[in-house]
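Bear in mind these aren't lab numbers, they're just calculated from the coordinates by the rules spelled out. The structure presented is a predicted model; accordingly, all values stated were derived computationally and were not measured. Virtual Cβ from ideal backbone geometry, glycine too; neighbours counted across all protein chains shown.
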Amino acid sequence: MRKIIGIGETVLDILFKGTTPMKAVPGGSTFNSMITLGRMGLDVSFISEVGNDRVGHLILDTLHAANIDTSSVCCFSNGKSPLSLAFLNENNDAEYLFYKDYPNNRLEVEWPTINADDIVVYGSYFVLNPVLRSKTKAFLEYARSRGAILYYDINFRKNHISEKLKLGAALVENLEYADIVRGSSEDFENLYGDIDAQHIYEDKIKFYCPNFIYTRGGNDVSLFTKSGATSYPVHKVQVLSTVGAGDNFNAGIVYGLTLHNVTREQLSAMPMEAWDAVMKCGLDVSAQACTSLDNYVDEEWALAYSSGNK
C-alpha cells in the first residue's frame, strides 16, 4: 500500500461561539488531514512535535486512535504544546489566536521512509518558519528525490502578513517542490491582495506547478491544469464549523488520488475526467467535516465512505 506522509504543526483547538467555549479538539492543518485519512483506512505517517504534557498526550492519543504512525513526532519537555483559540462568527467561519511555547531545539526526528508515488502533504507556516526551514526543506528535497507526489496547501494566515516578504523565498521553494498546490481566496488576499483565480494561476503558480486548486469558502472550487480549467460547486450542508474544511478537502483529494491509483507521472497529463473523480472526493470529505465541531470526519462516516469506494 502506498503511504501518506504529512508534516505540520499540532495544536489544541478551543472553539468559541461568541465568548462561550464550545469544544476543545486536537488540531493543526496537516494534522486534521492525516486524522481523516487514517480513519479512512490509509497508511499514514505524521511528522510533527508535541509537548510532553497533557495536551501533547491527548494529541498523540488521537493520532494512535486513527492508526497513524507517530515515530516521527518529537515529544519535547522544555516547553508546552501550543493552543489555538478559534472564534466562530455568525457563519461559523473562524478567526484564530495562537499561543506557543516551543523549546530551542525543535523537530529532532528521523524521517519516515518514502517510496515512489507515496503522497506527502505539507503547508501552513510550519514549512515557512525560519526556525524550522532547514529541516523542512531537507525533508521536502528527500521526498522529491524519492519520487513522491507532493501536495502543498499554502494556508497563509493573516497573523503572518507582516512576515510575508521575509518568507517569500521559502514560499517559492515550496511551490517548486509541489505537484499540486491548493490555496484559498483568503491565502492570496493575505499574500498578494489578489483573489482572481485565473490571474493568480497565471502570475503566481503556473511557472512553478501546473496543477492548482483554488477554494473560496462556500463558493465554487476552481481547478487549473495543463489539460484545462474548470470549476465545481461545493456541497450545500448545515455548517457547524469551517475550522477543518480546507484540511479535509486536502484529505479528500489525497484519498481520491489513492483510490484512483494516480501516479506522479500520470499527474503531468491527467485528463479532466480523471480530475473530476478526484475532486469529487475532496468536495465530499470537506462537506462532511463542516457538519461537525470536530476538525475531521467522524469514524463511522469515514469507514462507510471508504468501504463504498472500494
For this session: In nm, give the distance between the simple-model label positions of L303 and A269, each being 7 Å from the Cα along the Cα-to-Cβ direction.
Result: 4.3
Seminar exercise, completed: Using the Kirkwood formula on alpha carbons, the hydrodynamic radius of the stretch 1-140 in angstrom works out to 15.6
Exercise. Can you sort W111, W275 so the residue with the fewest Cβ neighbours within 10 Å comes first?
Worked result: W111, W275
For this session: For an R0 of 41 angstrom, estimate the FRET efficiency from the Cβ-Cβ distance between N115 and D194 and round to the nearest 0.05.
Result: 0.65
Seminar exercise, completed: Given 4 °C, 1.567 mPa s and a Kirkwood radius over Cα pairs, the Stokes-Einstein diffusion coefficient of the stretch 178-310 in µm²/s is 85
For this session: Answer with one residue from F31, L257, L171: the one whose Cα lies farthest towards the positive end of the charge dipole of the chain, charges on Cβ with Lys, Arg +1 and Asp, Glu -1.
Result: L171
Exercise. Which peptide among 161-174, 131-144 comes first, and what is the full order, when sorted by highest mean count of other Cβ atoms within 10 Å?
Worked result: 131-144, 161-174
Exercise. Under 5 Å between amide H atoms, partner at least 5 residues away or on a different chain: which partners does V44 have, H built in plane at 1.01 Å?
Worked result: I4, D69
Seminar exercise, completed: Spelling it out for T242: with amide H atoms placed in the peptide plane at 1.01 Å from N, the residues 5 or more places away or on another chain with amide H under 5 Å from its amide H are A94
Seminar exercise, completed: Amide H neighbours of D220 at under 5 Å, excluding residues fewer than 5 places away on the same chain, with H built from the backbone geometry, are V234
Problem set entry | Kirkwood Rh, angstrom, the stretch 207-249 [1 / mean 1/r, Cα pairs] | 11.8
Exercise. What shape does the stretch 81-211 take by its C-alpha gyration tensor, where a ≥ b ≥ c are the square roots of the eigenvalues and a/c under 1.5 counts as rounded, a/b above b/c as prolate, and the rest as oblate?
Worked result: oblate
Seminar exercise, completed: With x for Gly and Pro, the residue-by-residue ³J(HN,Hα) of the stretch 41-49, computed from phi through the Karplus equation 6.51 cos²θ - 1.76 cosθ + 1.60 at θ = phi - 60° and given in whole Hz, is x, 7, 8, 10, 10, 10, 10, 6, 8
Exercise. For the residues K100, K280, what sequence is obtained by ranking on other C-beta atoms within 10 Å, fewest first?
Worked result: K100, K280
Seminar exercise, completed: Bounding extents of the stretch 1-60 in its principal axis frame from Cα atoms, largest first in Å, are 45, 25, 15
Exercise. Whole-Å semi-axes of the chain's equivalent ellipsoid, largest first, each the root of 5 times a Cα gyration tensor eigenvalue?
Worked result: 26, 22, 21
Exercise. Given charges of +1 on the Cβ of Lys and Arg and -1 on the Cβ of Asp and Glu, with all other atoms neutral, how large is the dipole of the chain about its Cα centre, in debye to the nearest 20?
Worked result: 340
Problem set entry | All-pairs Cα distance distribution in the stretch 21-102, expressed in whole percent, bin size 5 Å | 3, 14, 24, 22, 17, 13, 5, 1, 0
Exercise. What is the fewest-to-most order of T258, T19 by other Cβ atoms lying within 10 Å of their Cβ?
Worked result: T19, T258
